[in-house]
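Engineer: Quick one: the structure is below, and I'll ask about it shortly.
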Amino acid sequence: MHNRQDWREDMFTGIIEETGELCEIKKGTLSARIKIRCRKVLERTKVGDSIAVNGICLTVTSLAEDGFTA
């Protein structure tokens, strides 16, 4: 069970942390993979986390020093 402090750290707040840049789109047959260039939002992000981009929650599939793919 999480203590109250942990719960608040993981909760979505809706606060915009930064403006990222869409830098790559790879289209598949039934899906697509995108790369977002960013920095601040990566500070505590791990693969499997959700990041809201323009109101859409994207699942982080890989991390790089300068961004993430979803």
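Engineer: Considering only residues of region 1-55 that are under 19 Å from Glu65 (Cβ atoms) and small (Gly, Ala, Ser), which is modelled with the highest pLDDT?
Structural biologist: The residue in question is Gly48.
Residue-by-condition table, conditions (1) in a strand (DSSP E or B); (2) closer than 16 Å to Ile15 by Cβ; (3) among the charged types (D, E, K, R); (4) open to solvent by 70 Å² or more (accessible area, probe 1.4 Å):
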residue: Ile25; (1), (2), (3), (4): yes, no, no, yes
residue: Arg33; (1), (2), (3), (4): yes, no, yes, yes
residue: Glu43; (1), (2), (3), (4): no, yes, yes, yes
residue: Lys46; (1), (2), (3), (4): no, no, yes, yes
residue: Ile51; (1), (2), (3), (4): yes, yes, no, no
residue: Leu63; (1), (2), (3), (4): yes, no, no, yes
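Engineer: What do you reckon, is Thr59 of a type in the set (Val, Ile, Thr), open to solvent by 70 Å² or more (accessible area, probe 1.4 Å) and within 8 Å of the chain's Cα centre (by Cα)?
Structural biologist: Here the answer is yes, as Thr59 does meet what is asked.
The values are calculated or read from the model by the stated rules, or taken from the named source; none is laboratory data. For clarity, every value in this text was computed on a predicted model and none was experimentally measured. Note: ideal-geometry Cβ built from the backbone for every residue, glycine included; neighbour counts use all protein chains shown. The accessibility values were calculated without ligands, DNA or RNA, using every heavy atom of the protein model including side chains. Shrake-Rupley method; radii C 1.70, N 1.55, O 1.52, S 1.80 Å.
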